[in-house]
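Below: one structure, written as structure tokens.
The values are calculated or read from the model by the stated rules, or taken from the named source; none is laboratory data. Keep in mind that what you see is a predicted model, and the values were worked out from it rather than measured. With ideal geometry, Cβ positions are generated from the backbone for all residues, glycine too; neighbour counts draw on all protein chains shown.
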């Protein structure tokens, strides 16, 4: 696969100059300005490994001791796994799992477990996501909702954006009458540093369509999310 040098359009939501952007209407997978292929995945791992080696040496550790010899490579593979969502698109995740269905009742998938990396300190936050929507003659395969959550959470994130991206994705592919998303997470940046509050949780929500305009519909969603 031929790699391409492409200019990053920083107005695009997911483009950070290194990983992902839209190009002529298509979402490309890029790293350091190059479309990701099997060949340069190896280069990607080597570059990240080198960066981790510098970190280990910079904090005063001996990177040549036995326990750390392969740590840069292991850490590089780990961070690529934690951020594998950059290598996926919504179309690839959903595929052909959208079905015609004449139903208008609330669909809810709740307590979807997720973890992500805070983009401010690169430490994890983890929790649960609940996603509901009101169909508009189309439904999505239930497992795809969990996969959408995973795709967006496996990126450098803030919880507020993650919540909105999940809602935007459902709105884009289904054009439903309403979408509701709640994310409840524990942030290690509040546990391991800073205020060091071990029991704090952050809750964010995104309401679209009838969930925003109709209090009874919104109340039904919250009731079902809280029920056992």
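Look at region 168-180: where a residue is surrounded by fewer than 23 Cβ atoms within 10 Å (Cβ to Cβ) and a partner is part of a helix (DSSP H, G or I), sitting 6+ places away or on another chain with Cβ atoms under 8 Å, you get 172/90; 173/90; 173/94; 177/210.
Residues are listed down the side, and each one gets a yes or a no for (1) surrounded by fewer than 14 Cβ atoms within 10 Å (Cβ to Cβ); (2) outside the structural domain of residue 174 (by TED's automatic domain parsing); (3) assigned to a helix (DSSP H, G or I); (4) in contact with a helix residue (DSSP H, G or I) (Cβ under 8 Å, 6 or more places away or on another chain):
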site	(1), (2), (3), (4)
76	no, yes, yes, yes
80	no, yes, yes, yes
122	yes, no, no, no
131	no, no, no, yes
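Note on region 98-112: residues that are part of a loop (DSSP other than H, G, I, E, B), in contact with a strand residue (DSSP E or B) (Cβ under 6 Å, 6 or more places away or on another chain) and either surrounded by fewer than 14 Cβ atoms within 10 Å (Cβ to Cβ) or not assigned by TED's automatic domain parsing to the domain that holds residue 182 (or both) total 1.
Residues in region 203-228 that are under 20 Å from the mean Cα position of the chain (by Cα) and surrounded by fewer than 15 Cβ atoms within 10 Å (Cβ to Cβ): 203 alone.
Hey, which of the strands (runs of 3 or more DSSP E) in region 137-209, taking only ones fully inside, have at least 1 residues that are farther than 24 Å from residue 95 by Cβ?
Because the criterion is at least 1 residues that are farther than 24 Å from residue 95 by Cβ, the strands (runs of 3 or more DSSP E) in region 137-209 that meet it are 178-187, 202-209.
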